[in-house]
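J.: This is the structure I have questions about; it appears just below.
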Amino acid sequence: MTRRTPLISSAELAATLDDVTVLDVRYQLGGPPGREAYEQGHVPGAVHVDLDSVLASPPGAGGRHPLPGVEEFQDAMRAVGVSNDRPVVVYDDWQGRAAARAWWLLRHHGHPDVRVLDGGWTAWRAAGLGAETGSARVPHPGTFAVSSEPGMPFVEAADVLGVDVLLDARAPERYRGEVEPIDPVAGHIPGARNVPTDRNLDERGLFLPAEDLREVYAEAGAVPGADVAVYCGSGVTAAHDVLALEVAGVRAALYPGSWSGWVADPTRPVERG
């Protein structure tokens, strides 16, 4: 039996558009609001989801993008038409980095069928596929119900140092502590190995084939059956590595607080270099 990939191509989405719920999760750190880009053009029928207000709680001791409350997330997903018995496709214009956060949250809360549009909005437009402008109308609220059993694993700060293979998804210079443009402390969690999200993609911004991703992550010790967890700056782009690992057949946990949550406690150790 062929394992189902968590990715979907533009052609496959176009062929099944009437049978899925599409969420537009356009977002870029420090960039213009995703809502503006969405209204200028989006996949037909797609509903915009704001990362900061829907896919995260307000910044605090848990980091810059703590996980949203369970009931708040459930209500937000129902409002955009998500139901457990209807497949969901999520996309962005950031090569999947924001869409992966939505994918992870939905899977974590028990939705059985969520996929990320490979290449996102860029790939959709490059394929010459249609677009809508303005805001899509949600025909009726969804019935999404969160599960009591997490569908995707996660780790808290207290458990991070005990993970066998801890991966840092940030750019190499941030991992090494040479620069830190956002958080108050530079460096990385002791023992972490760096697999930046760029390594998941080819020159077109599409995810590498599964066999290539297996090679990328095997270099860092992340192989099937290993105890693996991933973090980034605030818990958003780490989901991109988790998604790539899922494509490669490796189940990995997310550390949602990530570096911003880790350094919120000055007693926690930091490595550089």
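J.: Would you please classify the overall shape of the range 114-154 from the alpha carbon gyration tensor, given that a ≥ b ≥ c denote the square roots of the eigenvalues, rounded means a/c under 1.5, and beyond that prolate means a/b larger than b/c while oblate covers the rest?
T.: oblate
J.: Hey, another quick one. Classify the range 1-135 as rounded, prolate or oblate from the Cα gyration tensor: take a ≥ b ≥ c as the square roots of its eigenvalues, call it rounded if a/c is under 1.5, otherwise prolate when a/b beats b/c and oblate if not.
T.: The shape class here is oblate.
J.: Between D198 and A11, with labels modelled 7 Å along Cα→Cβ, what's the label distance in nm to one decimal, could you check?
T.: Placing both labels 7 Å beyond Cα along the Cβ direction yields 3.0 nm.
J.: In debye to the nearest 20, how big a dipole does the chain give about its Cα centre with +1 on each Lys and Arg Cβ and -1 on each Asp and Glu Cβ?
T.: Around 60 debye, computed over the chain.
J.: Ok, one more. Can you give the calculated 222 nm mean residue ellipticity of the chain, where each DSSP H run of n ≥ 4 adds -39,500 (n - 2.57) and the sum is split over every residue, rounded to the nearest 500 deg cm²/dmol?
T.: -7000 deg cm²/dmol
J.: If you don't mind, another one. What share of the DSSP beta bridges in the chain is antiparallel, in percent to the nearest 5?
T.: Beta bridges within the chain, antiparallel portion: roughly 15 percent.
J.: May I ask which residue of T133, A100, P209 lies farthest towards the positive end of the charge dipole of the range 75-231, with charges of +1 (Lys, Arg) and -1 (Asp, Glu) on Cβ and the Cα centre as origin?
T.: The one lying farthest along the dipole's positive direction is T133.
J.: By how many nm would the segment from T143 to R125 grow when fully extended, if each residue of separation counts as 0.36 nm and the alpha-carbon distance is taken off?
T.: Separation in residues times 0.36 nm, less the Cα-Cα distance, equals 3.4 nm.
Read-outs: derived from the displayed coordinates by stated rules, not from any lab. In this text the structure is predicted, and so the values were computed from the model without any measurement. Glycine gets a Cβ as well: all are built from the backbone with ideal geometry, and neighbour counts include every protein chain shown.
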